[in-house]
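Bear in mind these aren't lab numbers, they're just calculated from the coordinates by the rules spelled out. These numbers were taken from a predicted model, which means no experiment stands behind them. Neighbour counts are summed over all protein chains in view; Cβ atoms, including those assigned to glycine, are modelled from backbone coordinates with ideal geometry.
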């Protein structure tokens, strides 16, 4: 669809959404939309109205906004749906949909735990930890920014061999020791901010789904403290809740 063919909207946000939807449907993943001033002028709407619609479309995973670069049509990658009742790695989740993951921006270090990390790990004394941060991509699109903090008495840098694909959980499950029991997970919504935005190729104001988790062993020790930030539009997470009489 050419810009000259776009109808003037001059009314509700719903109509702006409908018009942009038609435009996006005729674009290919990776195509760049016109600059906001040009698109707003062509549609006959205010820039704040257009910016709000672009934000909504980015939350739905239809568009990717890159600060200082522009707005692009997102990939048509299937939405990964999972429940929180069973803990599994992003790699395994993607495999259920016939998709392969790729790990980028891997950083591994052993250092002293921060005060927050000690609290989340249930430790009082100074503790050395292994910190593993990385970005996970699917079909070339960054979808998650993951960080795990594990005491070195459980996992060390040398334990992450050349076969490490990005999941600390899978490494621990493969080793079989310590035996893992459950994960306590907080579900948050946070703006990407400058650092995550750069790593995930999104705008800083993009809302991310963030899971903050503590992984417990059968002897009730926290084995892993993790923070996982997911790009909107690529994930659908549900929870089965029992009705209590």
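When you work out D = kT/(6 pi eta Rh) for the chain at 4 °C and 1.567 mPa s, using the Kirkwood radius from C-alpha pairs as Rh and the Stokes-Einstein form, the result is 65 µm²/s. With each label modelled as a point 7 angstrom along the Cα→C-beta vector, the residue 186-residue 97 pair spans 2.7 nm. Helix 13-25 axis versus longest C-alpha principal axis of the chain: approximately 80°, rounded to the nearest ten.
By how many degrees, 0 to 90 and rounded to 10, does the Cα axis of helix 47-59 deviate from the longest principal axis of the chain? Here the helix axis deviates by roughly 40 degrees. In segment 35-138, the alpha-carbon atoms span a convex hull of 179 Å³ per residue. For the pair residue 240 and residue 205, label points projected 7 Å from Cα toward Cβ lie 4.0 nm apart. Given their separation in residues at 0.36 nm each and the Cα-Cα distance between them, residue 15 and residue 36 gain 5.9 nm when the chain is fully extended.
Using the beta-carbon distance between residue 163 and residue 27 and R0 = 35 Å, what value does 1/(1 + (r/R0)^6) give for FRET efficiency, to the nearest 0.05?
Values: r = 38 Å, r/R0 = 1.09.
According to the calculation, E is roughly 0.35.
Of 72, 57, the sequence from fewest to most neighbouring Cβ atoms within 10 angstrom is 72, 57.
For segment 188-233, the convex hull drawn through the C-alpha positions has a volume of 76 cubic angstrom per residue.
Sorting 108, 131, 143 on the 10 Å Cβ count, fewest up front, what's the list? Don't skip to the end; give the middle numbers.
Numbers: 108 14, 131 18, 143 25.
Ordered from fewest to most neighbouring Cβ atoms within 10 Å, 108, 131, 143 come out as 108, 131, 143.
Per-residue ellipticity at 222 nm for the chain, helices alone: DSSP H runs ≥ 4 residues times -39500 (n - 2.57), over residue total, nearest 500 deg cm²/dmol? Please list the in-between numbers first.
Values: 7 runs with 64 residues, N = 245.
So the calculated ellipticity at 222 nm is -7500 deg cm²/dmol.
Shown for 129, 227: other C-beta atoms within 10 Å of each C-beta, ranked fewest to most, produce the order 227, 129. Taking every C-alpha pair closer than 8 Å and separated by at least 6 residues, the mean separation divided by the residue count of the chain gives a relative contact order of 19 percent. Just the Kirkwood number for segment 71-199, please: inverse of mean 1/r across all distinct Cα pairs, in Å, one decimal. With all distinct Cα pairs of segment 71-199 included, I get 16.5 Å.
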